[in-house]
1. Determine, yes or no, whether I68 is under 20 Å from the mean Cα position of the chain (by Cα), among the aliphatic types (A, V, I, L, M) and more than 11 Å from the ligand (Cβ to nearest atom).
2. Name the one entry in T113, T89 that is more than 21 Å from V201 (Cα to Cα) and under 16 Å from the mean Cα position of the chain (by Cα).
3. Taking the conditions exactly as written (more than 19 Å from N328 (Cβ to Cβ) and within 14 Å of the ligand (Cβ to nearest atom)), does T85 satisfy them or not?
4. So R213 fits all but one of (1) more than 14 Å from the ligand (Cβ to nearest atom); (2) part of a loop (DSSP other than H, G, I, E, B); (3) open to solvent by 40 Å² or more (accessible area, probe 1.4 Å); (4) closer than 23 Å to D48 by Cβ; what number is the exception?
5. Among (1) within 11 Å of the ligand (Cβ to nearest atom); (2) open to solvent by less than 10 Å² (accessible area, probe 1.4 Å); (3) closer than 30 Å to D251 by Cβ, where does A94 come up short?
6. Restricting to region 115-151, name every residue that is out of contact with any helix residue (DSSP H, G or I) (no Cβ under 7 Å at 6 or more places or on another chain), open to solvent by 20 Å² or more (accessible area, probe 1.4 Å), in a helix (DSSP H, G or I) and more than 27 Å from C286 (Cβ to Cβ).
7. Against the conditions (1) within 16 Å of the ligand (Cβ to nearest atom); (2) within 22 Å of R154 (Cα to Cα); (3) surrounded by fewer than 22 Cβ atoms within 10 Å (Cβ to Cβ), where does T100 fall short? Just the number, please.
8. With (1) more than 16 Å from the ligand (Cβ to nearest atom); (2) over 30 Å from K246 (Cα atoms); (3) out of contact with any Ser or Thr (no Cβ under 8 Å at 6 or more places or on another chain); (4) in contact (Cβ under 8 Å) with a residue 12 or more places away in the chain as the list, and N205 as the residue in question, which single condition is left unmet?
Amino acid sequence: MPTNKSVPFVDFKRQVARLRKEIDQAVGRVLESGRFVLGEEGWSFEVDYARYLGIAHAVGCASGTDAIALSLMALGVGPGDEVITVPNTALPTATAISMTGATPAFVDVEEETLLMDASRLEGAVSSKTRAIVPVHLYGNPVDMDPILDFAHARGLYVVEDACQAHGASYKGKKVGTLGDMGCFSFYPTKNLGAFGDAGMVVTRNDVYDGKLRQLRNYGQSDRYHHECTGINSRMDELQAAILRVKLKILDTWNEQRIQIGSRYDEAFAGLPLKPIRPIPKGEGVCHLYVVRTERREQLRRFLEEKGICTLIHYPIPIHRQNAYAGLNLPQGAFPEAERSASEILSLPGFPELEESEQKQVTQAVAEYFDR
Ligand SMILES: *Cc1c(COP(=O)(O)O)cnc(C)c1O
């Protein structure tokens, strides 16, 4: 039975409708408080989020990009330094490195997981390397132990980009709590999303915590006393109040994403397309459900004609972006990241996706490969 209803990639209106009452109350609370930056809500959300992850400190900031930049700044990374990450991450991972004055360097990813390949780190370090930024891409935890071992042996810092992995865990510990710092984005599409921009750095280190609090607030220690230059990157009270409401539902949303993922897995068994799977040790949170096929463009067009919205995360590896042409990294420098960029496709998998909508997707995919 053909249907013309289109399937969106994400639909925030469904989420807002469900939460409207609690959100209105939270927003009302902030309006009545008369305090809009660095107040009670922000502090409470930091405490709630640190507790959720099981770590000592959480420091709110304006975005995930800033969270990574602030982390590197707090560790003293700056001009002349190099920071290693992966070429297939969201571009802002590199933006954050560049913001500090440091230069991004890249290490290729593993074919199966599309996550940082620790065995290639040796070839990526130089005398200028100061830190490694593994990315828990698509909500899948990176195999952290080999990376942490490598970093410790060489005196390098590890800053986790957990912007797509709120609530994911690795060997029983939440991602973001494994390195020196863990960075989160609350951009609306993330597993925990604000109604605007917001971010968070988490750390178990008291000194880093204090440093981060200064750096996000123009280096201020006490009123009118500035210890360092810093930047302005604070989470506002409205976003914090909204995120406090939404944090309570994060685990449920993650379960829904994972369930949608396993339904896709089942439906695609036997088809010539490969889902990107988390490493067995990890517990992913299915931020994105990504499949891989050499006929990506054709499949994407076929689904589009059927009203099914898909996206590509991400079509151009960072070293091939004009913004980083200055690094002079040629085509072929990172073969796994480059090959996957032309084969990956993200399917709708937001928690409110209805089963009937998902059926439309799986049937259309099956139809495409049947022809
Ligand atoms: C979203 C995202 C960022 C940036 O977060 P913003 O809040 O948009 O600045 C960084 N890294 C990854 C992997 C992301 O998905």
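1. no
2. The unique qualifying residue is T113.
3. Numbers: more than 19 Å from N328 (Cβ to Cβ): no; within 14 Å of the ligand (Cβ to nearest atom): yes.
When the stated conditions are applied, T85 does not pass them.
4. Looking at each condition in turn, R213 falls short on (2).
5. (3)
6. Passing the criteria: E122, G123, D149.
7. (3)
8. Condition not satisfied by N205: (2).
The values are calculated or read from the model by the stated rules, or taken from the named source; none is laboratory data. Small disclaimer: the values here were computed from a predicted structure and weren't measured. Glycine also receives a Cβ, built like all others from the backbone with ideal geometry; neighbour counts cover every protein chain displayed. Only protein heavy atoms, including side chains, enter the accessible area calculation; ligands, DNA and RNA are left aside. Shrake-Rupley method; radii C 1.70, N 1.55, O 1.52, S 1.80 Å.
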